[in-house]
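The values are calculated or read from the model by the stated rules, or taken from the named source; none is laboratory data. Since this is a predicted model, take the numbers as computed values, not measurements. Cβ placement follows ideal geometry from the backbone for every residue including glycine, while neighbour counts extend to all protein chains displayed. Areas reflect the complete protein model, heavy atoms only, side chains present, ligands, DNA and RNA absent. Shrake-Rupley method; radii C 1.70, N 1.55, O 1.52, S 1.80 Å.
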Amino acid sequence: MFRTIEWLDDINEVRLVDQTKLPLEKSHIVTSSHERIAQSIEIMEIRGAPAIGAAAAMGMALAAIESKANTKKELLEYLERAADTLNTRPTAVNLTWATARMLTVAKESGGSTDAIVKTLIEEAKEIAEEDVRMCRSMGENALSVIEPGFTIQTICNAGSLATVHLGTVGAVVRIAHEKYDGDIKVYAAETRPRQQGAKITVFEFMEDGIDTTLITDGMIGTVFREGRVDCCVVGADRIVRTGHVINKIGTYTMAITAKHHNIPFYSVVPMSTIDWVTNVEDVVIEERDPDEIRIINGEYVTVPDAKVYNPAFDITPPELVTAIITDKGVVHNPTEEKMLKLRDL
Ligand code: MRU
């Protein structure tokens, strides 16, 4: 299991797994530059909502070191610009959540600029550690709905590599695997166009000895009709207060298909992935480069100038969601009222 991203205390730099090289090459990027972190998020060397939140927090700490500011005002100005640079992807709320939290800490900290820089480094490390703790709690909370012998359908990668460590869906699968003596199986959807399911989920679950079967996205209906899975467990890039789940493209189709086959559909997220403010219709769905669809392994698989639509995420309405599982608790048949109750616990 991986530490996707970590702060290297001895040199005050950040080390992250380069996910664009997996599964063929296991390599790291080590950097002291917040702009390099922003680039890593943008080109998806690091991806997955909680992981890019932790990366952005560490990027802010690097920016604080880089700024060499003499006054708090200079430091805050540098950090405001760094936050804009780091917020490179619009859909996962963890990214803006983390940069905003780092800015708030900077604003509220007293003392010398050196002292504020130290506080920001500690805050970034704490955001990463919180993520690890939240993942474990989510995995434990999910045991109330996951039984020994279950086969879990998932999509994209919501494993260790989408978080700091353990994963969201990754925690559910790993903790059930541990508690039920390995009696848990996974079906991983390939996840076109970037194939996070094939390249990352299958790789990391196989590394941990979890029985994992890869399917293409179009096979989900057949797998459900044949009774091969007991439930769907997906992550989310953002859940809004009405219980709408914004996750990797294909999730909505999976949820509709699950409903048709009476298969429970769960979304598992840390509280940091819940956006209490934005209305579902205002969430920006990232549209990515058309060539992600036109080209496979460096070769065009279609007419080079074929018209393409490439939204990276979709929206699953709450009526298709059996439960939202968080580190704080489980919300069955989510409604706005139940979500707000969870928030205010
Ligand atoms: O585009 P990606 O790979 O960053 O998308 C990631 C997902 O959609 C994950 O399912 C989501 O972030 C949950 S990760 C714990």
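When Ala142, Ala162 are checked against the criterion of being farther than 25 Å from Pro23 by Cα and open to solvent by less than 30 Å² (accessible area, probe 1.4 Å), a single residue qualifies: Ala142. It is to be established whether one or more residues within region 73-92 are touching a helix residue (DSSP H, G or I) at 6+ places or on another chain (Cβ under 9 Å) and under 30 Å from Gly209 (Cα atoms). Yes: region 73-92 contains one or more residues that are touching a helix residue (DSSP H, G or I) at 6+ places or on another chain (Cβ under 9 Å) and under 30 Å from Gly209 (Cα atoms).
Name the pairs whose Cβ atoms lie under 8 Å apart, with the first residue in region 75-98 and in contact (Cβ under 8 Å) with a residue 60 or more places away in the chain, the second of a type in the set (A, V, I, L, M) and open to solvent by 40 Å² or more (accessible area, probe 1.4 Å), and 6 or more positions between them or separate chains? Sorted first by the residue in region 75-98, then by its partner, the pairs are Pro90/Val284; Pro90/Ile285; Thr91/Val284; Thr91/Ile285.
Would you confirm whether or not region 334-345 contains a residue that is of a type in the set (A, V, I, L, M), at pLDDT below 95 and part of a loop (DSSP other than H, G, I, E, B)? I'd like the intermediate steps shown before the answer.
Just the residues of region 334-345 that are of a type in the set (A, V, I, L, M), to begin with: 339-340, 342, 345.
With the extra rule that they be at pLDDT below 95, the set shrinks to 345.
Within this subset, residues satisfying the condition of being part of a loop (DSSP other than H, G, I, E, B) are 345.
Scanning region 334-345 turns up at least one residue that is of a type in the set (A, V, I, L, M), at pLDDT below 95 and part of a loop (DSSP other than H, G, I, E, B).
Regarding region 30-39, can at least one residue be identified that is within 16 Å of the ligand (Cβ to nearest atom) and closer than 23 Å to Gly167 by Cβ? Yes, that holds for at least one residue.
Just checking, which of Arg133, Arg81 is open to solvent by 40 Å² or more (accessible area, probe 1.4 Å) and over 23 Å from Glu45 (Cα atoms)?
Result: Arg133 is the single residue among Arg133, Arg81 that is open to solvent by 40 Å² or more (accessible area, probe 1.4 Å) and over 23 Å from Glu45 (Cα atoms).
Among the candidates Thr278, Thr302, the residue that is under 23 Å from Lys199 (Cβ atoms) and either within 16 Å of the ligand (Cβ to nearest atom) or in a loop (DSSP other than H, G, I, E, B) (or both) is uniquely Thr302.
Selection over region 225-234 of residues that are outside any strand (DSSP E or B) and either crowded, with 21+ Cβ neighbours inside 10 Å or within 16 Å of the ligand (Cβ to nearest atom) (or both) gives a count of 1. Look at region 300-315: where a residue is small (Gly, Ala, Ser) and a partner is open to solvent by 70 Å² or more (accessible area, probe 1.4 Å) and more than 16 Å from the ligand (Cβ to nearest atom), sitting 6+ places away or on another chain with Cβ atoms under 9 Å, you get Ala306/Tyr300.
Residues that are within 12 Å of the ligand (Cβ to nearest atom) and in a helix (DSSP H, G or I) within region 140-172 comprise Ser160, Leu161, Ala162, Val169, Gly170, Ala171, Val172, listed in sequence order.
For region 305-319, residues that are away from the ligand (no atom under 16 Å from the Cβ) and either surrounded by 14 or more Cβ atoms within 10 Å (Cβ to Cβ) or assigned to a helix (DSSP H, G or I) (or both) total 4. State whether one or more residues within region 253-270 are among the small types (Gly, Ala, Ser) and open to solvent by 50 Å² or more (accessible area, probe 1.4 Å). No, region 253-270 contains no residue that is among the small types (Gly, Ala, Ser) and open to solvent by 50 Å² or more (accessible area, probe 1.4 Å). Condition check for Leu214 on (1) assigned to a strand (DSSP E or B); (2) within 15 Å of the ligand (Cβ to nearest atom): one failure, at (2). Could you list all residues from region 173-211 that are part of a strand (DSSP E or B) and basic (Lys, Arg)? Correct list: Lys185 only. Residues that are under 20 Å from Asp181 (Cα atoms) and without any contact (Cβ under 8 Å) to a residue 40 or more places away in the chain were ranked within region 198-221; the one that is most open to solvent (accessible area, probe 1.4 Å) is Met206.
For (1) out of contact with any Lys or Arg (no Cβ under 7 Å at 6 or more places or on another chain); (2) open to solvent by 10 Å² or more (accessible area, probe 1.4 Å), each residue gets a yes or a no:
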| position | (1), (2) |
| --- | --- |
| Pro148 | yes, yes |
| Ile155 | no, no |
| Gly170 | yes, no |
| Val173 | yes, no |
| His177 | yes, yes |
| Ile184 | yes, no |
| Tyr187 | no, yes |
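When region 235-271 is limited to residues that are assigned to a strand (DSSP E or B) and of a type in the set (S, T, N, Q), the one that is farthest from the ligand (Cβ to nearest atom) turns out to be Ser267.
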